[in-house]
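A short write-up of the structure that comes next.
Since every read-out is calculated from the coordinates, none of them should be taken as a lab result. Note that the coordinates shown come from a computational prediction; the quantities given were computed from them, not determined experimentally. FYI the Cβ positions are ideal-geometry reconstructions off the backbone, even for glycines, and counts take in every protein chain you see.
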Amino acid sequence: MKKILSRLLVFSFVSLVACQGNTRAGNDNSGQGNGNAEAASDVINRHPDHLIYTKHARCRMDCRHIDEAEVQEILQQGRINYRKSEPAGRPDPKYALEGTTHDGQQVRIVFAPAKRGMVVITVIDLGTEWSCDCK
């Protein structure tokens, strides 16, 4: 019985390690890679014709002292964090881009590419918890 249990345990461990290795190997843009925004540039249009800000995004930008120039900056230079993104989202995929703004804020901005333009869903300051009354 001990022999069977030990073989089962070894098999389970090897299977688990193999699955984790395949997940990492198949996802070069996990948000933890080399930080190269160019590698993921084909996934999201970094230079859209115009940005569409949701009411929620405008409110969060105001609370967190993040302006439109900083949003553009992160869209163009930020790295995609796939753990916080929904590339298969419906009706539009959502991508969480992260980076440092010109004034030093560490931010995450969620964008949704849509037919009518690039929608800014929300803006998050990763370094500071701001008081905000957005509904």
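As a rough guide to protection, the peptides 90-97, 72-79, 50-57 ranked by mean Cβ packing within 10 Å, highest first, stand as 72-79, 90-97, 50-57.
Taken over region 31-125, the convex hull of the Cα atoms encloses 93 Å³ per residue. On the beta carbon distance between Thr100 and Asp49, with R0 = 22 Å, the FRET formula returns roughly 0.25.
By how many nm would the segment from Lys135 to Ala88 grow when fully extended, if each residue of separation counts as 0.36 nm and the alpha-carbon distance is taken off? Working shown, then result.
Working: separation 47, 0.36 × 47 = 16.92 nm, distance 2.61 nm.
Full extension from Lys135 to Ala88 adds 14.3 nm.
3J(HN,Hα) along region 89-103: x, 10, x, 10, x, 10, 10, 9, 9, 10, x, 10, 7, 4, 9 Hz, from the Karplus curve 6.51 cos²θ - 1.76 cosθ + 1.60 with θ = phi - 60°, whole Hz, x for Gly and Pro.
Our coupling estimate for region 104-121, obtained by passing each phi through the Karplus curve with A = 6.51, B = -1.76, C = 1.60 and θ = phi - 60°, is x, 7, 8, 10, 10, 10, 9, 10, 10, x, 10, 4, 7, x, 8, 9, 8, 7 Hz, Gly and Pro reported as x.
For region 61-69, 3J(HN,Hα) computed residue by residue from phi via the Karplus equation (6.51, -1.76, 1.60; θ = phi - 60°) reads 4, 5, 4, 9, 6, 10, 9, 4, 5 Hz, glycine and proline entered as x.
Close amide H contacts of Ala114 (hydrogens built in the peptide plane, cut-off under 5 Å, sequence separation of 5 or more or a different chain): Val119.
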